[in-house]
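The structure appears right after this line, and notes come after that.
The values are calculated or read from the model by the stated rules, or taken from the named source; none is laboratory data. Just so it is clear, the model here is predicted, and its values are computed rather than measured. So basically every Cβ, Gly included, is an ideal-geometry build from the backbone, and we count neighbours across all protein chains shown. With ligands, DNA and RNA removed, areas are computed over all heavy atoms of the protein, side chains included. Shrake-Rupley method; radii C 1.70, N 1.55, O 1.52, S 1.80 Å.
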Amino acid sequence: MAARTTRGDAPTEAGVPSAPAVAAAQAGTAAPATIASIAAEAGVSIPTVSKVLNGRPDVAPETRSRIEEMLERHQYRRRRQRPTSAGQPLIDLAFHELDSAWSIEIIRGVEDAAAAAGVGVVLSELGGVHRPPQEWLDAALARRPLGVLLVLSNLDASQRHQLESRSIPFVVVDTAGEPPEDVPTVGSNNWNGGLSATRHLLALGHRRVAVISGPSDVLCSRARVDGYRSAHDEAGVPLDPSLTRYGDFYVDGGYEHGLALLSRPDRPSAIFAGSDMQALGVLRAARELGLRVPEDLSVVGYDNLPLTEWIGPALTTVNQPLKEMAGTATRMLISLARGESIPNRRIDLATSLVVRESTARWEG
């Protein structure tokens, strides 16, 4: 008996054109691709195509690659999955790296929004890379989630199509690079954050202001540095390029760059750290060098993590609405999974400066 498959329409025998295909051929138009037509063209069985679509590992790499290429060429789209009573619908949440209070705020925002919609969350870490490995994507496809949330990471064109062909939407939170226009993203106004932090320090009389941003290959890092530069241009204060550093968003990066900057004979009188965690590293470096904050050095962080109110001195920082960003991205993803249209595919939430005790007027 011939193998059979369905895609929500009438069953189609493997290798036998369906009625819609015959009608389309008679009308001179291309028929929508089906699992059966992909299998026939690839010279494989329908179950093999199904295994690839479902992220099953038991398919030879060459065969998998050939099938994926045909799925992409024919713009195959699986009918959108509908939640059933068999189990809780899930979304996949993938971080490039999971090792800070920043991540916890994102997780809280996702969990709150997902719980309100009756959706579970599967959490993954990508080991520091900004593009998921195929093994992670295969595992996600096997779970058949409602959608995928990517934090500080993105997909290449082939990976995007693998999700699109399964009708699995994805949204990027705080994108690592500039995504294609059609990729839904949620972030914050990083340029304005860098601008307001540096404006504050310049207004206090500082003229040697350093910046320790995040990795240079991450979009938000570069945007914060651009805001820092714009503030100098606006105030007519010359920039010293040697005071611009790119760290890693973590304490170690702030500490190492802080030590290097503050050990110079022409040390800066203020440092804008591109994350609160890096600001903590700067504070430790200043302490070890016998510098007082804010009397000898003003420090501004970025993110406004809860801990910034409790350290001594309390940290002046840029409030980045992390929970709101995560919640907005989650609601956007769930709307896409339900087949709803979204009015904006690129959302940047506002940032604001929170002035506390780690900055003061410079009299030097």
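Tabulated values for the structure
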quantity: Hey, I271 more than 19 Å from T198 (Cβ to Cβ) and among the β-branched types (V, I, T) or not; calculated: no
quantity: Members of the stretch 240-257 found to be without any contact (Cβ under 8 Å) to a residue 12 or more places away in the chain and hydroxyl-bearing (S, T, Y), listed by number; calculated: S242
quantity: Some residue of the stretch 340-352 being touching a residue at least 60 places away in the same chain (Cβ under 8 Å) and either under 26 Å from L261 (Cα atoms) or surrounded by 24 or more Cβ atoms within 10 Å (Cβ to Cβ) (or both); calculated: yes
quantity: Single unsatisfied condition, S216 versus (1) within 17 Å of I271 (Cα to Cα); (2) assigned to a loop (DSSP other than H, G, I, E, B); (3) touching a residue at least 24 places away in the same chain (Cβ under 8 Å); (4) open to solvent by 10 Å² or more (accessible area, probe 1.4 Å); calculated: (1)
quantity: Any hit, the stretch 300-314, residues being within 28 Å of L280 (Cβ to Cβ), open to solvent by 70 Å² or more (accessible area, probe 1.4 Å) and touching a helix residue (DSSP H, G or I) at 6+ places or on another chain (Cβ under 6 Å); calculated: no
quantity: Residues located in the stretch 264-284, provided they are over 25 Å from the mean Cα position of the chain (by Cα), touching a residue at least 40 places away in the same chain (Cβ under 8 Å) and open to solvent by less than 60 Å² (accessible area, probe 1.4 Å); calculated: P268, S269, A270, I271, V282, L283
quantity: Output for the stretch 133-160, where each listed residue is in a helix (DSSP H, G or I), closer than 23 Å to E181 by Cα and open to solvent by less than 20 Å² (accessible area, probe 1.4 Å); calculated: L137, Q159
quantity: Residues of the stretch 343-364 satisfying the condition of being modelled with pLDDT under 95, within 23 Å of L333 (Cβ to Cβ) and not aliphatic (A, V, I, L, M); calculated: P343, N344, R345, R346, D348
quantity: Meets criteria (more than 24 Å from S221 (Cα to Cα), modelled with pLDDT of 90 or more, assigned to a helix (DSSP H, G or I) and charged (D, E, K, R)) for D112; calculated: yes
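For every residue, the table says whether it meets (1) surrounded by 14 or more Cβ atoms within 10 Å (Cβ to Cβ); (2) within 20 Å of D303 (Cα to Cα); (3) touching a Phe, Trp or Tyr at 6+ places or on another chain (Cβ under 9 Å); (4) among the polar types (S, T, N, Q).
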{"residue": "G227", "(1), (2), (3), (4)": "yes, yes, yes, no"}
{"residue": "D233", "(1), (2), (3), (4)": "no, no, no, no"}
{"residue": "G253", "(1), (2), (3), (4)": "yes, yes, yes, no"}
{"residue": "H257", "(1), (2), (3), (4)": "yes, yes, yes, no"}
{"residue": "L262", "(1), (2), (3), (4)": "yes, no, no, no"}
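So that you can scan it fast, the table gives a plain yes or no per residue for (1) within 20 Å of N344 (Cα to Cα); (2) among the β-branched types (V, I, T):
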site	(1), (2)
L98	no, no
W102	no, no
R108	no, no
G118	no, no
V148	yes, yes
Q159	no, no
F170	yes, no
